[in-house]
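One structure is given below, encoded as structure tokens.
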Amino acid sequence: MRYFNKILFLLLATVVMGSALAQSTHDLRFNEMMIKNVDNYQDEYGRCVPWVEVFNPAYNVVNLAGCYITDDTTGLSAMGKRGAQIPSHWYRISKSDIHTAMPQRSFVIFFLDGEPLYGTFHVNFDVRTSKTNYLALITSDGKELIDIMHYPASLRDTALVFGYDKDGITENAHILDHFTPGSSNEVTIKASKEEKLKKEDPYGIGLAIIAMSVVFSCLILIYLMLKVFGAMSRRAARKEAEKSGKTAAVAASTDGKKDDDIVLQTGEEIAAITAALHLHFNSMHDEESEVITIHMPSAHYSPWAQKELVMKKAPRINK
């Protein structure tokens, strides 16, 4: 029982530690930023202010609530001491906002405008007036540096985006050709099919060859299909003709037999034929004169109500 409890405790400890490590904020990275925002990305109030994008490269949910964003890390060493005060340029991310939980491979935008009362994602310092040229992300206990992004001072005077070509790869940061706040920096511009075809076959020779090949292939296929169907039709007609010929031959062989060749199978048939011949030759038949006698009526008209035509005459008595 003692060993079972130890094993159960180790399993629970492993699960708890795995969950803690799985949702570690140490995976978070700055991805891109912009200081001189003239008409670029807008906040929820429709203002164009400086912004920075934070990326979660992990494949699990990471909650950055309680972490700090700052443009001054001089107070980092003092935060571990008892009674240390949070520096003025340290912005602590609210723990009461559900939007601080970042899903896997997701992005979140913070506005560097010095207006923390505008919402959770508005920091308490304005990067346009910062004395340093970097941004830092610090753990919730204020003792560890999660990530830092150094940018050139000239970024404040140019409406350009600064960051990395690939998400989560914090090497060789530079001015980007495009801005993608809230989405991946890895933008792939794909050429259209027409552009690819024009580049690969500028004179259209390949297209002509393909088109002719398709046409001739279809014609050859149609020819083969017609040939096969024709052969099948001829074979069916030949079989039908052979069948009809056999039937005609059988009928002809039956019609060509003589009376003597006909074999009667039963005595009843012989008796019936004999009786018919006897009646035909020996029976007496009346000869008809073929004379028609016509009697004229006594009256040439016969109205239906004339009684003398419908009543019998009284018999004549001879005296």
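The values are calculated or read from the model by the stated rules, or taken from the named source; none is laboratory data. Quick caveat, the model's predicted, so the values are computed rather than measured. In this analysis, Cβ positions are derived from the backbone assuming ideal geometry, glycine residues included, and neighbour counts consider all displayed protein chains. Accessible surface is based on the protein model in full, side chains and every heavy atom, while ligands, DNA and RNA are left aside. Shrake-Rupley method; radii C 1.70, N 1.55, O 1.52, S 1.80 Å.
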Turns out the strands (runs of 3 or more DSSP E) fully within segment 104-194 with at least 1 residues that are among the aromatic types (F, W, Y) are 107-111, 134-138, 161-163
With criteria (1) modelled with pLDDT of 90 or more; (2) open to solvent by 70 Å² or more (accessible area, probe 1.4 Å); (3) among the aromatic types (F, W, Y), F30 comes up short on (2)
A careful count of residues in segment 93-104 that are touching a residue at least 40 places away in the same chain (Cβ under 8 Å), within 23 Å of P50 (Cα to Cα) and either open to solvent by 20 Å² or more (accessible area, probe 1.4 Å) or acidic (D, E) (or both) gives 1
_Could you go through segment 215-222 and let me know if any residue there is open to solvent by less than 100 Å² (accessible area, probe 1.4 Å), of a type in the set (S, T, Y) and at pLDDT below 90._
no
Across (1) on the phi < 0 side of the Ramachandran plot; (2) without any contact (Cβ under 8 Å) to a residue 24 or more places away in the chain, S183 clears everything bar (2)
Here the residues within segment 23-38 that are assigned to a loop (DSSP other than H, G, I, E, B) and either in contact with a His (Cβ under 8 Å, 6 or more places away or on another chain) or touching a residue at least 40 places away in the same chain (Cβ under 8 Å) (or both) are Q23, L28, I35, K36, N37, V38
Counting only residues in segment 55-92 that are hydroxyl-bearing (S, T, Y), farther than 17 Å from S24 by Cα and touching a residue at least 24 places away in the same chain (Cβ under 8 Å), the one least open to solvent (accessible area, probe 1.4 Å) is identified as T70
Looking only at segment 179-190, decide whether some residue is open to solvent by 60 Å² or more (accessible area, probe 1.4 Å), at pLDDT below 90 and acidic (D, E). yes
Checked against (1) within 42 Å of the chain's Cα centre (by Cα); (2) under 25 Å from N172 (Cβ atoms), G119 satisfies every condition except (2)
